[in-house]
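Here the structure is laid out as structure tokens; the discussion comes afterwards.
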Amino acid sequence: MLAPIRAGRGAWTPLPDGIRAKAGRRLALTLVIGPPELDIHRFLAAIVQDQLRDVGIDLRIVQLPDSGAYRARVKSGAGDLWTVAGDLNDADPCFVADLAVRGGARRYLDACRAAVALDDAQRSAARALRVLIDEESVVVPLAGTYRVWGLRREVRGFMPHPSSPSQRWDRVSLATNRVSR
């Protein structure tokens, strides 16, 4: 059985369903999941939901169907937790734009986007990340994903790329195993 937790005024007391409440308000968070790794995010969200329920927190999962809807939701700030699977496939130093950047980090990100020199862009991106992580958000890596490739011995020319969108298939071929008699 969960014991009451004292935090500030009053206590978060467990209700009959195990979710904590304080002053009539249930302790609930919203986790927003979306592409590009939707299958992994769905599985991860269910695990996090079960673990939070064990400590009295109700986790609502909102699954968005495409990147546009996900980015719009991130930009609006309508959520408490977010799954992010980076799909960086170029050397963009301003890639932090895919995170929920607002507040103090926004001006550095805007400077990154406006920079002409690579050094200026990198410096602004580093400042945006510092503000985002140190002052505005908590980033907790929960899982890492790996790309596993299985190939038959007849496959030739395959070179795995660390960024899935950049995987090249134009050099891949199948060797023929013709037996001459």
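The values are calculated or read from the model by the stated rules, or taken from the named source; none is laboratory data. If you're wondering where the values come from, they're calculated on a predicted model, not measured in any experiment. Positions of Cβ are generated from backbone atoms using ideal geometry, with glycine treated the same way; all protein chains shown enter the neighbour counts. Note: areas computed on protein heavy atoms with side chains; ligands, DNA, RNA excluded. Shrake-Rupley method; radii C 1.70, N 1.55, O 1.52, S 1.80 Å.
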Of all residues being open to solvent by less than 50 Å² (accessible area, probe 1.4 Å) and either under 20 Å from residue 83 (Cα atoms) or not in a helix (DSSP H, G or I) (or both) in the stretch 99-118, which is modelled with the lowest pLDDT? Just the residue, please.
100
Is it true that some residue in the stretch 34-53 is part of a strand (DSSP E or B) and not polar (S, T, N, Q)?
no
Among all residue pairs at least 6 apart or on different chains, which show Cβ distances below 9 Å where the first residue, located in the stretch 58-75, is within 13 Å of residue 35 (Cα to Cα) and touching a residue at least 60 places away in the same chain (Cβ under 8 Å) and the second is among the basic types (Lys, Arg) and loosely packed, with under 15 Cβ neighbours inside 10 Å?
none
Output the residue which, of all residues in the stretch 154-165 that are within 29 Å of residue 37 (Cβ to Cβ) and in a loop (DSSP other than H, G, I, E, B), is modelled with the lowest pLDDT.
163
Inside the stretch 54-89, can you point out the residues that are part of a helix (DSSP H, G or I), at pLDDT 85 or above and open to solvent by less than 40 Å² (accessible area, probe 1.4 Å)?
69
If you take the residues of the stretch 17-32 that are outside any loop (DSSP other than H, G, I, E, B) and touching a Phe, Trp or Tyr at 6+ places or on another chain (Cβ under 9 Å), which of them is nearest to residue 50 (Cα to Cα)?
31
Within the stretch 166-179, does at least one residue satisfy the condition of being in a loop (DSSP other than H, G, I, E, B), under 26 Å from residue 38 (Cβ atoms), within 20 Å of the chain's Cα centre (by Cα) and at pLDDT below 80?
no
When you scan the stretch 24-31, do you find a residue that is free of Cβ contacts under 8 Å to residues at least 60 places away in the same chain, among the polar types (S, T, N, Q) and open to solvent by 80 Å² or more (accessible area, probe 1.4 Å), even just one?
no
